Structure formats: C-alpha cells, structure tokens
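Shown next, in structure tokens, is the structure this report addresses.
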Amino acid sequence: MVKICCIGAGYVGGPTMAVIAVKCPAIEVVVVDISKPRIDAWNSDKLPIYEPGLDEVVKACRGRNLFFSTDVEKHVAEADIIFVSVNTPTKTRGLGAGKAADLTYWESAARMIADVSKSDKIVVEKSTVPVKTAEAIEKILTHNSKGINYQILSNPEFLAEGTAIEDLFKPDRVLIGGRETPEGRKAVQALKEVYAHWVPEENIITTNLWSAELSKLAANAFLAQRISSVNAMSALCEATGANVSSMFNTVSGKKVAILGFAFKKDTGDTRETPAIDVCKGLLGDKAHVSIYDPEVTEDQIQRDLAMNKFDWDHPMHLQPTSPSAIKQVSVVWDAYEATKGAHAVCILTEWNQFKELDYQKIFDNMQKPAFVFDGRNVVDAEKLREIGFIVYSIGKPLDGWLKDMPAIA
Ligand code: ADP
C-alpha cells in the first residue's frame, strides 16, 4: 500500500489530500500539521475551511484511508510520498521584505524530513515557491541524507478557492516536474500513477523541475494583476469614507453593517480581503461595525482586524486583539441582526444569499436615511432605491472572473 503524508493541513493540503483519498481507496493519506486546533477541526464535524463539496468528500473517507494528525514525525517517517504544503508568506522583514517569499516554514519542514526519514522518499513541492526552491531543498535533504535517496518533485496547485473540489475532481491539467534522471523519472511516474486514478493521462503533463515551478509563478503573476483590480475594491473604503462624511458629517458612534468578510464568495478565506481595509477605515473613524459572513468565524475576523497587513499570512505570529477593536466590532450570524439599527450597509463579498435578502425588512429596521454601499454589484440598485435606500454601487459585475480566480496561495 502506498502511503502519502501531507505536511500542512491548509487550503491547499486539506482539499487536495481529501480528493486523493476519495479517488484512491488503496492509498493511505495522512495530513499532518503542527497546529492542534486545525487538526482537531479536520477531525470534527466543523472543518477548518469551507469549500463546497468538501464535507462530503472528507466524510466519505475519513477514518478509512484519510487521517488527520499532529504526529508529524511519525507519519513523515512512514510515508513513501510526502507533499509539502506549508505556508509561504511574504517576508515581513530583512532582505526582500514585502516581496520575497518567506521559506522558513518550508526549510524547517525539509530539515525535519531529513531528521526522521529512514527509507527513500519522494518529496513533492505543493506550496508556491520561488523557482529553484526544489534545488535548495534537495541540498538540505541530500546533505543530511544518511544514504537515503530523496527525489524532489514540483506539483504546483492551480485550484481556485471556492471551487477547489470541483477543480480537483476535474483538473484542466496536472503538472509534475522532476529530475531528468532514471530515479527522477521513476518518481514522476509514481506520482503520475496517483493522479491517473481519476485524471485522464493526456491531462497529466510531466516536465523538468524548474519548468513546473516557473509555470505556477507565471500563472500567479498573471493572476496578481487581476488581484490588484480586486484591491481596487478597497477604493470602496475611500468611497465609503468620502460619501459617509458628505452624508453623515461623521460616522463616529454610528452603526455600519458589513455583509461579507471573505475575499470572495464560497470560501471562508480572508487573506487579502478588502473587508479588512474597509473595516479598519471605519473603525479608525470610530464607527461601530457589525459584521456578518456565512463562513468566517468571529475569531478570525477579530484576528484579522488586530493584525498588521503583512502578518495575515503568519498564523504562528498571531497578535492579541486590541481591546478597543473588540468594543467597536460585533460579529453576528445573521444579516438581519447585522443591519438592525444600522445607518449603512456595506456589501463586501458577493455571496449569493445577499441577493435573496428581504431588503424591505432590512430597510424597516434601519436608521434613516438608510445607505447601501454595494462593493460587489450584488443588489438590484433600482429596486432598493424604490424601497427608499440611498444606494452606491461600484465597479462592473465581478462574478464572472472572480469565480475562476485561483488563490495566490
Ligand atoms: P495554503 O493556503 O498554502 O494551504 P495555509 O496557511 O492554509 O496554506 O496552510 C499551511 C499549514 O501548514 C498551516 O496549517 C500551518 O500550521 C502548517 N505548517 C507550517 N509549517 C509546518 C511544519 N513545519 N509542519 C507541519 N505543519 C506546518
């Protein structure tokens, strides 16, 4: 029986391994993580991330051939194939701060693999890393190898958050890069056989290491341009600020409802979400902010609002929530609750359910004049105006291209 271990139970590792397990009953898949709360959540009824279809896939194979564990070293030692899907955040300090990828997590994972391995391993690079990382990792592993053979493969992830399961079930392509040596080719073949359980051969492309790394980075660079258009969403912050102070004189002490906190619909991921800027702007002007998102927890929101920009991707470096932010922010589990008594509603994520809300009911329970700032063109502005709202919408409908936008993970 082939044993797979994935280091990192995040947005990439979790769904990818669940799909491998469900499609390959004869392979044992263990997802390990140093974060106990994350692993506990993967073993519970409330998974730590939300993706349509993920619950069903995990339920179908958890305890059968899919396991989640904090016993990182044991499962790494036992595995034939090790996926590394740890965080690669942007560096916050030192050379390349704000630009270069921080490979600290990757490096410590590689050193741990070298420490605990007793048999040959295929190590698969799953996180987005700079080109030639595989070579650096190879050096760490082979210099500490104790005679063990390591084959490094690059198998970049192209899934989009919000459609991860669909993308994993029917990938346009699976890219596997490896060394062009007999051992390298054998390793590429071994990983190809895993995917071949459900992906047609012609969609599995094999190449050399650095080409595989490069294609992921090229895809991300292209996407980054589109992301920066999403960042134009934070223009909503200015729009909100400006319009609110032309209308209210001040938002100080006023209640503003935020509908949606995730960076796009059908995900609970808040990294890079414009909602953080908008909320921080409003909090800075001393508004009371009441937030509703169907998938983002209160804990996550409070953490995001307390953190500095570059710390968002550093789960290990969490900072305590500032006491004033706790006082000014309430997180509720219902859009009607969030908007009750509010002066304004800001729609910041294009969740389908926001289209279906009873806006007459919302209007009746708000302070007048009642404002709607629709940052995602979710509502029918004309209809809302008929009800009596003052409506500001920005941008063109984003639905189409946001849907197929992979995460820059
Ligand atoms: P991605 O979006 O790429 O999946 P995430 O940040 O969602 O990234 O997940 C990365 C996970 O990797 C986190 O849960 C983190 O705790 C875990 N992790 C980081 N370093 C290690 C390590 N050395 N061993 C095990 N897990 C790790």
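The residues of region 25-41 that are buried (at least 21 other Cβ atoms within 10 Å of the Cβ) and away from the ligand (no atom under 15 Å from the Cβ) amount to a single one, Val29.
When we screen Ile165, Ile176 for residues that are touching a Gly at 6+ places or on another chain (Cβ under 7 Å) and under 27 Å from Pro52 (Cβ atoms), the only hit is Ile165. Among the residues of region 281-294, which ones are surrounded by 20 or more Cβ atoms within 10 Å (Cβ to Cβ) and either of a type in the set (S, T, N, Q) or not in a helix (DSSP H, G or I) (or both)? Within region 281-294, Ala287, His288, Val289, Ser290, Ile291, Tyr292, Asp293, Pro294 qualify. For Ala164, state whether it is in contact with a Pro (Cβ under 7 Å, 6 or more places away or on another chain) and within 16 Å of the ligand (Cβ to nearest atom). Against the criterion (in contact with a Pro (Cβ under 7 Å, 6 or more places away or on another chain) and within 16 Å of the ligand (Cβ to nearest atom)), Ala164 qualifies.
Among the residues making up region 126-157, a single one is crowded, with 23+ Cβ neighbours inside 10 Å, within 19 Å of Ala77 (Cβ to Cβ) and touching a Phe, Trp or Tyr at 6+ places or on another chain (Cβ under 8 Å): Ile137.
Every number here is computed from the coordinates shown, using simple stated rules; none is lab data. Bear in mind the structure is a predicted one, so any value in this text is a computation, not a measurement. Heads up, the Cβs are rebuilt from the backbone with ideal geometry, glycines too, and the neighbour counts pull from every protein chain shown.
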